[in-house]
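Presented below is the structure to which this report refers.
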Amino acid sequence: MRDFLCPTCGQHLTFENSVCLSCGGRVGFSVADTALLVLADPAGARSGIASSAEYRMCANLHLAECNWLVRIDDDTELCASCRLTRTRPPDDDAPALAAFAAAESAKRRLVAELHELGLPIVGRDTDPEFGLAFDLLSSRAQPVTTGHKNGVITLDLAEGDDIHREQLRIAMDEPYRTLLGHFRHEISHYYFYRLIAPAPTYLDRFGALFGDPNADYGAALDRHYTDGPRPGWEDAFVSSYAAAHPAEDWAETFAHYLHIRDTLDTCAAFGFAPAAAAFERPPLGPSAFDTLIELWLPLAWALNMQSRAMGKPDLYPFVLPPAVLDKMRFIHTVIDETASDSRIGNSVSTH
């Protein structure tokens, strides 16, 4: 995530800001510009200043703490991220709505990264049967299973509770568990059936690297949870859960690719990594993936050592063996080729 500055006064802003704490200007995120713009009266519009005649804040400014902008001429009051949410908690469930706001914040980071990478987002408005949608539900009111099916990503909002999430992380022997991590994992399943399943060439390559995607999923998960991770999983998988089934191997590896790219971009924005690590100036050509990994490995080591210096666990507690890098290289190729095909259009298409 890049470093944002207030166009009016130059104050540093975060991705989540809706007001500049220095000059008091109203700011909103434009996904098309990948920038925070200041809302101003039409007469005051200039570079970096969004005319209030052109933009308004998303209608979920208060409900979801959403700071994204919507064009006045759009036929919706919701931004590109909020439009993807199909189901949310009811208005009278205050605890669930607080968790909903946290989940939407993580989802906006996901959508912004997908836009930066040039990945297509086909919403339910365009594809009513298999388009992307999010059901953000509270297990306080009903049983909820986090997962993906036919383009619908379901998230248990209890994952936004730090204590609950940490208890699950320990119980499942996971080194990492976050809301953003859940979204990145589940969107990976969406991209399998959106990009891989319809393309025979990609599907053949997937089979050679990950295995048979049609292998009995239920039986594989039962074995994983009953018998534990397969012995020696560390040699070929990014996590023990990735070893459970080819679909989960894809999702875990894809999610890690998203982790790496966004962290590299953020570090580049603050001068901790070369410009080639940024989304806006990515390395190109056959050597691009190798370049990214050469940037990532020493950076991840340094970030882990910094985290330990603060008495915290490693920021990136994972090892990337050669077999995982081969899988991730394939993911990089798919994303790069997909982005190349869609650069002539808008990669966020929800209506």
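Summary table below
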read-out	value
Selection count, the stretch 72-93, where residues are within 11 Å of Leu136 (Cβ to Cβ) and either part of a loop (DSSP other than H, G, I, E, B) or modelled with pLDDT under 90 (or both)	2
Given (1) closer than 22 Å to Leu315 by Cα; (2) in contact with a His (Cβ under 7 Å, 6 or more places away or on another chain); (3) not in a helix (DSSP H, G or I), number of the condition Glu159 does not satisfy	(3)
Which numbered condition Ala199 misses (of (1) touching a Phe, Trp or Tyr at 6+ places or on another chain (Cβ under 8 Å); (2) modelled with pLDDT under 95)	(1)
Count of the stretch 191-210 residues which are without any contact (Cβ under 8 Å) to a residue 60 or more places away in the chain, assigned to a helix (DSSP H, G or I) and farther than 16 Å from His245 by Cα	3
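Let's see how each residue does on (1) among the hydroxyl-bearing types (Ser, Thr, Tyr); (2) more than 18 Å from Arg261 (Cβ to Cβ); (3) touching a residue at least 60 places away in the same chain (Cβ under 8 Å):
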{"position": "Leu315", "(1), (2), (3)": "no, no, no"}
{"position": "Phe318", "(1), (2), (3)": "no, no, yes"}
{"position": "Pro321", "(1), (2), (3)": "no, yes, yes"}
{"position": "Asp326", "(1), (2), (3)": "no, no, yes"}
{"position": "Thr333", "(1), (2), (3)": "yes, no, no"}
{"position": "Asp336", "(1), (2), (3)": "no, no, no"}
{"position": "Ala339", "(1), (2), (3)": "no, no, yes"}
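The values are calculated or read from the model by the stated rules, or taken from the named source; none is laboratory data. Here the structure is a predicted model, which is why all the values come from computation and not from measurement. For neighbour counting, all protein chains shown are included, and Cβ atoms are generated from backbone atoms with ideal geometry for every residue, glycine included.
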